[in-house]
Number of protein chains: 2
Amino acid sequence: MKTSESITNKNSPTMGDVAKSAGVAPVTVSRYLNDPDLVSKRSKEKIAEAIRQLNYVPHAAARTLASKRSRMIGSIVPSLDSSLFGRTIEVFQSHISTAGYNLILASNNYDVEKEREHINQMVSHGVDALLMIGNSRDESIYRLLQAKNIPYVLTWTIDSNQEHPCIGFSNQEAASSITNYLMDLGHTKFAMISGHIKNNDRAYDRLKGVRDTLAERGLSLADDNFIERPFGVEQGRDAFRLLMSRPNKPTAIICGSEPFAYGAIFEGKKMGIDIPKEVSITGFDDMWLASNITPSLTTVRTPQQQMGALAAKYLIAKLNGEEVPLPKPLGIEIIVRESCAPPF
Amino acid sequence: MKTSESITNKNSPTMGDVAKSAGVAPVTVSRYLNDPDLVSKRSKEKIAEAIRQLNYVPHAAARTLASKRSRMIGSIVPSLDSSLFGRTIEVFQSHISTAGYNLILASNNYDVEKEREHINQMVSHGVDALLMIGNSRDESIYRLLQAKNIPYVLTWTIDSNQEHPCIGFSNQEAASSITNYLMDLGHTKFAMISGHIKNNDRAYDRLKGVRDTLAERGLSLADDNFIERPFGVEQGRDAFRLLMSRPNKPTAIICGSEPFAYGAIFEGKKMGIDIPKEVSITGFDDMWLASNITPSLTTVRTPQQQMGALAAKYLIAKLNGEEVPLPKPLGIEIIVRESCAPPF
DNA sequence: CATTGAAATGGAAGCGCTTTCATTTTAGAC
DNA sequence: GTCTAAAATGAAAGCGCTTCCATTTCAATG
């Protein structure tokens, strides 16, 4: 239904309406909105008044179409089920918001195909930039982003080939550190509980870090001491039970993700297995429970919030046309607590 | 600064390019995209081929401008720091995504002004619908949404006045239930650890639920037994220590948010206070730790994921122009575990 | 008071798509 | 073959904004 002209306009006021009400040209309103310095004080006041009066809200799609900037930044995370990525995203969103950008977010449940769809949709929506987690995706996605000239950044990973801008840390190195820590304690019989490594470079790198580091000292991870599970506390419990019900038990269990470690500790309590006396447990990420659980968890602290902040800064600088230095890998830190001890 | 030179040459193919390449009119391509049934098989094939060839991605902003539908749904949450709202949002996003909508998300850190800004921006972006948490916001926001004809739904709350569509549960009733449970156990000396109630109707309702229910049996919550703190485990520890260092200790502590309860339990362990023998603790929400912590936590389970799913369904139905029945309050459930016992 | 460069403003042309309405094509019936 | 309704296609007009370029106004100078 098309309303003729005057009164019926139940629709939102446009820039033209504001202009008319303020007695200026639409383009002046546009300037007021985008670069107020170009507008005289008198006009500014009149326009401000008109906007208030009419309850005018600029139409972002129209802006995007005309200016080729959407002021939206997209992000796809594997999951929001734990607070892990949530903390990164929250800081990220807060930063880009301050710079006038909106966040468009999707979770892909660790599914590569879903991620591709989401990225496509976001590109279609004209996101100005993109934040992604990790580096397990098809080359064609990067080609698309490059073709469209959309800045992007990968977090929670580093790209050894330097092909893509990353703001993250070396998962391999982190895993290596914690492995060395355990070996220094005297351990030789290792097990690892890991997330599925297919399509998950973080999990893969952590495994590699463990394997390579063990190998350096002539040790190795027995095939049946490597347990792959979906992420979660319950899965950690299962895996721990499995590992500790076998004749040849490990003396140290490296968990590739913190909830696994919590699960292990809980299950240890239930099974009457003393941690760390009978078996040492390590975590990964240092979430809030790590310091509170009993025994408190020795783990590697990952810079969850720092990544969000730096990624935001990087992308915004990039969008401002600034020359941005290639980010360096962030540091990680072993947090020693109570869950590890020398093997008995 | 970035004039048409630096970024602009995206050179993305437009609908016109596709049309030309396929030998049809642009409008036919549009039909192919929006309502393929209107296009002949022959044209379909040619267009599909052209799209693949050119790597065409429709321009969502242009679509939005022309059609007045953005296919984006906005959501503002108080925080993503715990996984609490994350779980609701994840399910919500997954549902709307299936229906072809994108999620645009912001966290406002429990700040009403921030929320208003975010809502404004989202409206400006032409979100087709909006998901919000709770009901503590200015009337003007609802007026704006109504004026713009944007469907919205409030979660984690119910609106006793029936003014706004809600998909949630009664916080007051939930708090009442758990209070009754404790009174049935024989408790008379209560304390409550709560989030700040200002601008937080959920916290306020929970407090009211506790107070009213105590009053029904002639009891009350002493002023200095009501502790307001920002959400978090550490704050729970502090509050617990404060409460239990005083001469007149409570025998039951109701926590308005689960992390408080975890903090209380951890601090109890540290202080050598036996839970539940010396003091009973209850939580709120039933997050994953509740069943794993020692002692396991008696708490009220809130339908975190159900709310996300139902809210998505409701909004999508609404957007499809369907008549949607006013949603009923969702049920909550007291989960009895180990953290409560009769007072000694 | 002209003069002049800078500041402030306006006009008009699209951005890439959907919508409306008009036209052409097709297929089935006589 | 002709006729007709349905199916398929097209032409053109915007959606609300920014951008480019042209014009007007202003303030300061000689």
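Points to keep in mind about this one:
- Between the stretch A:192-270 and the stretch B:275-339, the alpha-carbon centres lie 31 Å apart.
- Per-copy distances of the A:Glu228 label point, shortest first, in nm (7 angstrom along Cα→Cβ): 5.2
- Within chain A, helix-based [θ] at 222 nm, where runs of 4 or more DSSP H residues each add -39,500 (n - 2.57), nearest 500: -13500 deg cm²/dmol
- 7 Å along Cα→Cβ, label-point gaps from A:Asp138 to other copies, nm, shortest first: 4.7
- Here the Karplus relation 6.51 cos²θ - 1.76 cosθ + 1.60, evaluated at θ = phi - 60°, turns the backbone of the stretch B:201-210 into coupling constants of 5, 5, 4, 4, 5, 5, 4, 4, x, 5 Hz, with x for every Gly and Pro.
- In terms of packing, defined here as the mean over residues of other Cβ atoms within 10 angstrom, the peptides B:215-223, A:245-253, B:137-145 line up highest first as A:245-253, B:137-145, B:215-223.
- Choice from B:Lys44, B:Lys189, B:Lys198 showing the highest fluctuation, given a GNM over chain B with Cα pairs closer than 10 Å: B:Lys44
- Acute angle (nearest 10 degrees) that the helix B:112-124 long axis makes with the longest principal axis of chain B, alpha-carbon atoms: 20
- Highest-fluctuation residue, B:Ala147, B:Ala175, B:Ala309 considered, GNM on chain B with Cα pairs under 10 Å: B:Ala147
- Once C-alpha pairs closer than 8 Å and six or more residues apart are averaged by separation and normalised to the residue number of the stretch A:56-189, the relative contact order reads 21 percent.
- Peptide B:104-111, shielding by other chains (average Cβ, 10 Å cutoff): 5
- Chain B: relative contact order in percent, alpha carbon pairs under 8 Å with at least 6 residues between: 15
- Three-way shape call for the stretch B:49-181 based on the alpha-carbon gyration tensor, with the a/c threshold at 1.5: prolate
- Share antiparallel - DSSP beta bridges, the protein assembly as shown, percent rounded to 5: 10
- Partner shielding of B:72-83 amounts to 4, given as the average count of beta-carbon atoms from other chains within 10 Å of each residue beta-carbon.
- Counting only DSSP beta bridges whose two residues both lie in chain A, roughly 10 percent are antiparallel.
- Close amide H pairs (under 5 Å, H built 1.01 Å from N) link B:Ile158 with B:Phe169, B:Asn171, residues at least 5 positions away or on another chain.
- Net charge in the neighbourhood of A:Asn171 (other residues with Cβ under 9 Å of its Cβ; Lys, Arg +1, Asp, Glu -1) is 0.
- GNM on chain A, alpha-carbon springs under 10 angstrom: the most fluctuating residue among A:Ala174, A:Ala311, A:Ala61 is A:Ala61.
- Local electrostatic count at B:Asn55 - Lys and Arg +1, Asp and Glu -1, tallied over other residues with Cβ under 11 Å: +2
- Cα-based shape type of the stretch B:176-255, given that a ≥ b ≥ c are square roots of the gyration tensor eigenvalues and the cut on a/c is 1.5: oblate
- Copy-to-copy label distances for A:Ser245, where each label lies 7 Å from Cα along Cα-to-Cβ, are 4.6 nm in order of increasing length.
- Neighbouring Cβ atoms from other chains, within 10 Å of the Cβ of residues in B:52-60, number 4 on average.
- For the stretch B:26-78: rounded, prolate or oblate by the Cα gyration tensor [a/c cutoff 1.5]: prolate
Taken together, the values in this text are just the output of simple stated rules run on the coordinates, not laboratory data. The shown structure was predicted, so the numbers you read here are calculated from the model rather than taken from an experiment. All Cβ positions, glycine included, derive from the backbone under ideal geometry; neighbour counts span all protein chains shown.
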